[in-house]
Amino acid sequence: MTTADMDRGRLAERTVRVLAGVVQRDPQTLHQDTRLFADLGMDSTNALELLMTLEDEFGFEFDPETLESRHLETVGSLTDYIVEQAGG
C-alpha cells in the first residue's frame, strides 16, 4: 500500500465519520458506493451542513468553482473530491 493510498484511507475514514454524524447513521453501514441522496436521504440542507462540517474537520474550504453535483453522488466520489482538494 502506498502513502497516497494510506492518506486516502485516512481521509475516507474521517469523511465517513463526519457524514455518519450529519445523517445520524452508524459509520459501519456506510461504504464507498453508498449514495448520499438516494441511500441516505440527504437534501440540500444536509449537503450544506456536511460540507461545512467537512471544512472544519479538514481545515480548508472547498473551492465552489470546482464543486459539482457529481462530487456528492457517493461516499467514494466525495472522498475523491476531498483528496483532490487536500492536494493529494
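For chymotrypsin sites (Phe, Trp or Tyr not before Pro), the sites in the chain that DSSP calls loop and that have at most 13 other Cβ atoms within 10 Å are Phe60. Legend: helices of the chain (whole DSSP H runs) are marked when their alpha-carbon atoms reach 20 angstrom or more along the helix axis and their mean Kyte-Doolittle hydropathy is at least 0.0; marked are 3-23, 44-58. Per residue, the chain exposes 61 Å² of solvent-accessible protein surface, assessed with a 1.4 angstrom probe and all protein chains in place. Model label sites at Arg17 and Asp63, defined 7 Å from Cα along the beta-carbon direction, differ in position by 2.7 nm. Enclosing the Cα atoms of the chain in their convex hull gives a volume equal to 89 cubic angstrom per residue.
The values are calculated or read from the model by the stated rules, or taken from the named source; none is laboratory data. Note that the coordinates shown come from a computational prediction; the quantities given were computed from them, not determined experimentally. So basically every Cβ, Gly included, is an ideal-geometry build from the backbone, and we count neighbours across all protein chains shown. We work out accessible area using only protein heavy atoms, side chains counted, and drop any ligands, DNA or RNA first. Shrake-Rupley method; radii C 1.70, N 1.55, O 1.52, S 1.80 Å.
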